[in-house]
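To start, the structure itself, in structure tokens.
Computed from the coordinates by the stated procedures, all read-outs in this text should not be read as laboratory data. Just so it is clear, the structure is predicted and the values come from calculations on it, not from any experiment. Positions of Cβ are generated from backbone atoms using ideal geometry, with glycine treated the same way; all protein chains shown enter the neighbour counts.
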Amino acid sequence: MKILFLNGPNLNLLGQREPDIYGRTSLADIEQSVRERAAQSKVEIDFRQSNLEGQLVGWIQQARGQFDAIVLNAAAYTHTSVALRDAISAVGIPTIEIHLSNVHAREEFRHKSLIAPVCRGQITGFGPNSYILGLEAAISVNAK
Ligand code: CA2
């Protein structure tokens with residue numbers, strides 16, 4: 001099983017800025033813990049980050065036939081991107097929406113996710129553990 005982790009804008013700053021909201025763990029630390037958990041289940045992962053909407057759309061399109069699931073922290077694009085939503089819908093790969101913070105407990109503009117209706121489910125508010133829970137959800141949706 002192969003799972004693609006995609007991270008959207010500014011998540012490369014994790015651990016360096018706004019620790020009160022996003023914690024002190026870097027994206028590289030999160031990737032490492034996801035890799036360790038994935039290895040236990042003999043799951044192959046690819047872990048990427050981009051600040052560019054078009055890059056994320058391209059990666060989703062290219063995932064067709066290559067990955068069994070996508071775990072997506074679309075960051076701010078969650079709340080704005082029709083392009084990401086259309087790409088997820090077009091490729092038809094089960095996609096799990098994840099967030100570090102609880103978007104529903106924050107500003108009102110974060111309560112709306114444009115991608116939620118085309119994702120299999122949403123995991124929000126568990127800090128770096130949202131990525132591990134996302135991995136487990138991705139494995140479970142593929143379990144035969
Ligand atoms: O809680 C999440 O994971 C979010 O996807 C993070 C996004 C935010 O726009 C979403 O509403 C919820 C923001 C990512 C920005 O990450 C930063 C990390 C460190 C310092 C500044 C920003």
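Using a ≥ b ≥ c from the Cα gyration tensor of region 1-83 (square roots of the eigenvalues), is it rounded, prolate or oblate, where a/c under 1.5 gives rounded and otherwise the larger of a/b and b/c decides, a/b for prolate?
oblate
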Original post:
For the chain, what D do you get in µm² per second when you plug the Kirkwood radius from alpha-carbon pairs into Stokes-Einstein at 20 °C and 1.002 mPa s?
Top reply: 143 µm²/s
**OP:** Show that you can apply the helix-only estimate: for the chain, add -39,500 (n - 2.57) for every DSSP H stretch of four or more residues, divide by all residues, and state [θ] at 222 nm to the nearest 500.
**Re:** -10500 deg cm²/dmol
Subject >> Net charge contributed by nearby residues that have their C-beta within less than 14 Å of residue 7 (K/R +1, D/E -1) >> reply: -4
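May I ask you to list the GluC sites (Glu not before Pro) in region 82-122 that are in a DSSP loop and have at most 13 other Cβ atoms within 10 Å of their Cβ?
107
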Subject >> Relative contact order (percent, whole number), the chain, Cα cutoff 8 Å, 6+ residue spacing >> reply: 27 percent
**OP:** May I ask for the net charge around residue 44, where only other residues with Cβ less than 12 Å from the Cβ of residue 44 are counted and Lys, Arg are +1 while Asp, Glu are -1?
**Re:** +1
